[in-house]
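> I'd like to ask some things about the structure below.
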């Protein structure tokens, strides 16, 4: 069938329209290609020229700023300071030895630090920067920058490093940071990539370690363009990291400084607690050490000085060490007996100087004996036989239960390293741990805080705070995180009869304020701040029958490491308790002579929030105390002058 002219014309019109549409699309597409080619060849010519010269894009982590640590009054404990360093990227350097040789002509390189860097380089990824020189001066940084073309892979950098302005007084609390080790990495199932940056600092002990994840923050990143020799040509983009959280501790720096100074060269520890909130106001171990030495890796010589010191300056004695509590445990035995109803406060026990149990003599510290003793008298004069007798009546299970209620044998949630739980023994414990039956002699020994019983100074302070308040006070070290206050730990009622607690408090008051009290010489005479306390002496050696027969050797005649530990606990003011104090002097001898004077001075310093008036001391002590106060003040000023950054 032939097409009509009309149909032919219509068909041509359709073809023309399609052709125009297709042609337009082709022209548009060609135009887009032309514009894109112009953009690539003209607008981005420089960028592609650099890429053509074997440039590449590197992604580099930006270490976050570590959170700072402050005391309860906002004074800095741990801060960050700018630190200039020189780093080297192995894969960019090519011939590492040659580059280091050229660098050594510009900058003095420490041989030990260089060897450490080369060791790090072998175990690190080749694209990671390794610190070749740390804490270098600005002149050295300038010389490296000027000679950058001759030093492929070498980069001068400025970063942040940890510093502890107060040096030694917070060493055992805040701890310190140090370079990440393989051991640190192995603690994490999936380590944060920033931890793999050589020389990155991580918390090693103390609060720095316990709050590492909070303090560290989150890393940022930047994309940089480097040329064939590893020189950074430009930064393409940057994502800043997230700074770590700031922590505020409950510690008072002035009080902590005083306590540390008061302990001097003793091997000793002190804990001061607010009995209402549980805030730890001071937590000092002596001797101490300078944490700044550990930040970049302590030298072998410096570490040996600390390691070989018999007084163990690296140990956090307040929480890490557990001691037989000695006679400070007698309040626990007394409360257990009162609660069990096996004795009344006025009932007496006769002390002839010993008590025979199961064919064995258990001696009192007073060889001639104390005679008839009631509850107050027994605590006041620390009669051992009275508590031997109580223990036989009440039994170890009730004594152990009371000890746990008062905080012994408990591992507190306290962010310091190696916090001990101490030991409150009972029949089940001995069978489980020693595979032997409990015997009556074990109960007798435990009644005066000897035998298997162990407690830390922190636990001793908690025990005293609980006796003072009747509440389950718990220690708190972190006051706030990023200015958000954490709950205090005043605690609920212990469920101990208030009249029983009053009897024990009254007896503790007599220890410090009655002429026959074991701590009378260390009393406070200011009626507004009088303290109630208890002395303790714990043996570290066995006394044989032969030695007793000829006379027990005095502590001062024994080698230091064989002398008894000296303890003292107290709360004050007696009528309205505010603080509790625990003191342990290792191998100090007697609690009344070595620990009680320290506790009295610390208690007054805490209550007066500074140097107490001489009128708070007995008349006969004032000249000695005045000289002591002046000496400690001179030492404090000397420390500040030698360390201007000290808070």
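The values are calculated or read from the model by the stated rules, or taken from the named source; none is laboratory data. As the structure is a computational prediction, the values presented were derived from the model and not from experiment. Virtual Cβ from ideal backbone geometry, glycine too; neighbours counted across all protein chains shown.
> If you take the residues of the range 523-539 that are within 33 Å of the chain's Cα centre (by Cα) and over 15 Å from residue 327 (Cβ atoms), which of them is surrounded by the most Cβ atoms within 10 Å (Cβ to Cβ)?
531
> Here's a follow-up. Quick one: in the range 59-71, of everything that is surrounded by fewer than 19 Cβ atoms within 10 Å (Cβ to Cβ) and at pLDDT 85 or above, which residue is nearest to residue 220 (Cα to Cα)?
65
> Can you say whether residue 236 is more than 24 Å from residue 632 (Cβ to Cβ) and in contact with a strand residue (DSSP E or B) (Cβ under 7 Å, 6 or more places away or on another chain), as far as the supplied structure shows? I'd like the intermediate steps shown before the answer.
Values: more than 24 Å from residue 632 (Cβ to Cβ): yes; in contact with a strand residue (DSSP E or B) (Cβ under 7 Å, 6 or more places away or on another chain): yes.
Yes: the conditions hold for residue 236.
Residues checked against (1) more than 30 Å from residue 257 (Cα to Cα); (2) modelled with pLDDT of 80 or more; (3) not in a helix (DSSP H, G or I):
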{"site": "57", "(1), (2), (3)": "yes, no, yes"}
{"site": "81", "(1), (2), (3)": "no, yes, yes"}
{"site": "87", "(1), (2), (3)": "yes, yes, yes"}
{"site": "100", "(1), (2), (3)": "yes, yes, no"}
{"site": "103", "(1), (2), (3)": "yes, yes, no"}
{"site": "141", "(1), (2), (3)": "yes, yes, no"}
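> Within the bounds of the range 89-97, is there any residue that is at pLDDT below 85 and surrounded by fewer than 18 Cβ atoms within 10 Å (Cβ to Cβ)?
So far as the range 89-97 goes, yes, one or more of its residues are at pLDDT below 85 and surrounded by fewer than 18 Cβ atoms within 10 Å (Cβ to Cβ).
> Confirm whether residue 296 is outside the structural domain of residue 587 (by TED's automatic domain parsing), over 15 Å from the mean Cα position of the chain (by Cα) and part of a loop (DSSP other than H, G, I, E, B).
Yes; evaluated as a whole, the condition is true for this residue.
> Conditions first: (1) free of Cβ contacts under 8 Å to residues at least 24 places away in the same chain; (2) loosely packed, with under 15 Cβ neighbours inside 10 Å. Residue 347 passes all but one, so which condition is the exception?
For residue 347, the exception is condition (1).
> Report yes if residue 537 is at pLDDT below 95 and part of a strand (DSSP E or B), otherwise no.
Yes: the conditions hold for residue 537.
> Which condition breaks for residue 463 when tested against (1) under 29 Å from the mean Cα position of the chain (by Cα); (2) assigned to a loop (DSSP other than H, G, I, E, B)?
(2)
> Go through the range 382-411 and give me each residue that's modelled with pLDDT under 95 and touching a helix residue (DSSP H, G or I) at 6+ places or on another chain (Cβ under 8 Å).
Matches in the range 382-411: 410 only.
> Sticking with this structure for a sec: Restricting to the range 617-641, name every residue that is over 19 Å from residue 598 (Cβ atoms) and more than 34 Å from the chain's Cα centre (by Cα).
619, the sole residue that qualifies.
> Quick test of your reading of the structure: residue 259 fulfils all but one of (1) touching a helix residue (DSSP H, G or I) at 6+ places or on another chain (Cβ under 9 Å); (2) under 21 Å from residue 166 (Cβ atoms); (3) outside any loop (DSSP other than H, G, I, E, B); (4) at pLDDT below 95. Name the failing condition by number.
Looking at each condition in turn, residue 259 falls short on (4).
> Sticking with this one: Quick check on my filter: what residues within the range 382-393 are more than 10 Å from residue 349 (Cβ to Cβ) and surrounded by 23 or more Cβ atoms within 10 Å (Cβ to Cβ)?
Correct list: 382, 384, 391.
Residue-wise test of (1) in contact with a strand residue (DSSP E or B) (Cβ under 9 Å, 6 or more places away or on another chain); (2) over 27 Å from residue 195 (Cβ atoms); (3) modelled with pLDDT of 80 or more; (4) outside the structural domain of residue 199 (by TED's automatic domain parsing).
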position	(1), (2), (3), (4)
114	yes, no, yes, no
120	yes, no, no, no
126	yes, no, no, no
134	yes, no, no, no
149	no, yes, yes, no
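> Check the range 108-117 and report whether any residue there is surrounded by 19 or more Cβ atoms within 10 Å (Cβ to Cβ), closer than 27 Å to residue 59 by Cβ and either touching a helix residue (DSSP H, G or I) at 6+ places or on another chain (Cβ under 6 Å) or without any contact (Cβ under 8 Å) to a residue 60 or more places away in the chain (or both).
Taking every residue of the range 108-117 in turn, none turns out to be surrounded by 19 or more Cβ atoms within 10 Å (Cβ to Cβ), closer than 27 Å to residue 59 by Cβ and either touching a helix residue (DSSP H, G or I) at 6+ places or on another chain (Cβ under 6 Å) or without any contact (Cβ under 8 Å) to a residue 60 or more places away in the chain (or both).
> Report, by residue number, each residue of the range 475-488 that is in contact (Cβ under 8 Å) with a residue 60 or more places away in the chain and either buried (at least 20 other Cβ atoms within 10 Å of the Cβ) or closer than 18 Å to residue 210 by Cα (or both).
475, 476, 477, 478, 479, 480, 481, 482
> Okay, next question. Quick one: would you say residue 468 is touching a strand residue (DSSP E or B) at 6+ places or on another chain (Cβ under 7 Å), within 18 Å of residue 325 (Cβ to Cβ) and in a helix (DSSP H, G or I)?
So residue 468 passes the test.
> Of the residues that sit in the range 299-320 and are within 20 Å of residue 420 (Cβ to Cβ) and outside any helix (DSSP H, G or I), which one is nearest to the chain's Cα centre (by Cα)?
Step by step, filter the range 299-320, then rank; the result is 316.
> Output yes when any residue across the range 425-438 is part of a loop (DSSP other than H, G, I, E, B), in contact (Cβ under 8 Å) with a residue 12 or more places away in the chain, touching a strand residue (DSSP E or B) at 6+ places or on another chain (Cβ under 8 Å) and not assigned by TED's automatic domain parsing to the domain that holds residue 209, and no when none is.
no
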